[in-house]
1. Of LYS42/LYS106; LYS13/LYS42; LYS106/LYS153; LYS73/LYS146, which ones are farther than 28 Å apart at the Cα?
2. At 1.4 Å probe size, with every protein chain present, just tell me what the per residue accessible area of the chain comes to in Å².
3. What accessible surface, in Å², does a 1.4 Å probe find on HIS108, ignoring ligands, DNA and RNA and rounding to the nearest 10?
4. Tell me the carbon and sulfur percent of the accessible area for the chain, rounded to whole percent, probe radius 1.4 Å.
5. In whole Å, largest first, what are the principal axis extents of the Cα atoms in the chain?
6. What Kirkwood hydrodynamic radius, in Å, does segment 67-163 give when the mean of 1/r is taken over all pairs of distinct Cα atoms and then inverted?
7. Check each of the trypsin sites (Lys or Arg not before Pro) in segment 130-163 and keep only those in coil by DSSP with at most 14 other C-beta atoms within 10 angstrom; list them in order.
8. Report the one residue of LEU4, THR150, GLY49 whose Cα lies farthest in the direction of the positive end of the charge dipole of the chain (charges on C-beta: Lys and Arg +1, Asp and Glu -1; origin at the Cα centre).
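The values are calculated or read from the model by the stated rules, or taken from the named source; none is laboratory data. Remember, predicted model here, so these are calculated numbers, not experimental data. No Cβ is skipped: glycine too gets one built from the backbone with ideal geometry, and neighbour counts run over all protein chains shown. To get the accessible areas, we keep the full protein, side chains included, count just its heavy atoms, and leave off ligands, DNA and RNA. Shrake-Rupley method; radii C 1.70, N 1.55, O 1.52, S 1.80 Å.
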Amino acid sequence: ALGLQWDNIDFQKNEITFSHTMRNGVLDSTEWDNGKLIQTFKNNVRTEGLKNGMPERTVSMDKLPEIREMLLKRWSERINEWVFSNEDCRSSWESLLKFAKIKNFKFHHLRHTVGSMLFQEGLTLEDIAYRLGHESTYSTKIYARKDKRTDDKVNDALSSRMG
């Protein structure tokens, strides 16, 4: 979401196309100093393409009216080509956590929450991988977790088979 530009939101078609991502550890410069290679890296750099190697990904807002309304509100207040500036997103997130009295929760944790919720609703790892933008289900397994209801179902099934 931090790589989202206003040009990538089509309110007529009701679609968002993600074509940039925020990356850390991007090579900034390389130089030689007394025979030693010195490289510097930058964090929070917006680059073209997605982290899974795809050039872009389009998502429909048809069933996301709250997201559409939030984007329309932000559109009227926009200050540059980016939907979320670095400072705006970080300060908003930190204020939200403080207000909700939540500690030690990173924005990225929401990916784990979404992956787990979809898995618990019975979606396949392939479907969840597609939604999260993973190339394979290997990464998706990290995000998709079962819950206590699954443990209860497994225990019930074993108990009924064992008599």
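1. As for pairs spanning more than 28 Å Cα to Cα, those are LYS13/LYS42; LYS106/LYS153; LYS73/LYS146.
2. 76
3. Roughly 90 Å² of HIS108 is accessible to a 1.4 Å probe.
4. Carbon and sulfur: 53 percent of the exposed surface of the chain.
5. Principal-axis extents of the chain (Cα, largest first): 74, 51, 36 Å.
6. Evaluated over segment 67-163, this radius sits at 16.7 Å.
7. For trypsin sites (Lys or Arg not before Pro) across segment 130-163 that sit outside H, G, I, E and B with at most 14 neighbouring Cβ atoms in 10 Å, the list reads ARG145, LYS146.
8. Of the options given, the answer is THR150.
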